[in-house]
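Engineer: The structure follows.
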Amino acid sequence: ADNDGICDDEDECISIDNCNNCEGQELEYVELWGECYNIEETVEIELQGYDVGSPNNFEQIPPEIGQLINLRMFRCASCFIEGPIPSEIGNLNNLEDLQISNWITGAVESEIPPEIGNLTNLTSLTLSTLNLSGSIPSNFENLANLYSLILTHNQLSGEIPSYICNIESPVLGDNQFCPPYP
């Protein structure tokens, strides 16, 4: 009501979400997996899950993760991801380390989002045991800073692009790639 940009008693905020964001004002926090993350200040997220049915069974990566504009590291190791990797992950321009691996085989059944190829600051990429299909996106060639690439235990197919040879440690085993190999 007083147009000061602050959600307080004088503004008569109509609705506040679980992270205390006031409806109609710019978001300060985003809720992911029942936790509130500051959009500007969150630089690392590391999740781990081991037991089916545990509170660390994350099931999906919400598209809202793309709002964490300063995120440099996202790791979801031994998680139980059931849904696809959201294309909004391509909005994380500062991301340097992206690691997503499932504890169980065959849960995701989707393709690698080509938007990952826009993450030019990426140095390490692991997408393992996600039952990913299709081929390695052609725009992965844009990932000039990538030194570690692990795409093991998926259903990826097609030819391995020659630019993969420029990556210091590519690990591509247990897929369905076709010869000729670079």
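Since every read-out is calculated from the coordinates, none of them should be taken as a lab result. A quick note: this is a predicted structure, and the numbers were derived from the prediction, not measured. Every residue, glycine as well, gets a Cβ built from its backbone with ideal geometry; the counts of neighbours run over all protein chains shown.
Engineer: If amide H atoms are built 1.01 Å from N in the plane of the peptide, which residues on other chains or at least 5 residues away come under 5 Å of the amide H of residue 150?
Structural biologist: Amide H neighbours of residue 150, under 5 Å, 5+ apart: 125, 126, 127, 171.
Engineer: Let me ask you something else. Could you order the peptides 79-88, 123-132, 153-162 from most to least packed, using the average number of other C-beta atoms within 10 Å per residue?
Structural biologist: Values: 79-88: 18.6, 123-132: 20.7, 153-162: 16.7.
Top of the packing list down: 123-132, 79-88, 153-162.
Engineer: Which distance in nm do the two modelled labels at residue 159 and residue 59 give, with both placed 7 Å along the Cα-to-Cβ direction?
Structural biologist: Output for this residue pair reads 4.2 nm.
Engineer: Oh, and also: Can you tell me the order of 65-73, 16-24 when each peptide is scored by its average per-residue count of other Cβ atoms within 10 angstrom, highest first?
Structural biologist: Numbers: 65-73: 18.4, 16-24: 13.3.
Ranking the peptides 65-73, 16-24 by packing returns 65-73, 16-24.
Engineer: Under the rule a/c < 1.5 gives rounded, and otherwise a/b versus b/c splits prolate from oblate, where does the range 64-182 land using the Cα gyration tensor?
Structural biologist: Taking the square roots of the gyration eigenvalues as a ≥ b ≥ c, the range 64-182 is oblate.
Engineer: If amide H atoms are built 1.01 Å from N in the plane of the peptide, which residues on other chains or at least 5 residues away come under 5 Å of the amide H of residue 47?
Structural biologist: Residues meeting the amide H criterion: 75, 76, 77.
Engineer: Go ahead and run the numbers for FRET between residue 48 and residue 172, Cβ-Cβ distance against an R0 of 35 Å, rounding to 0.05.
Structural biologist: In this case the efficiency is close to 0.90.
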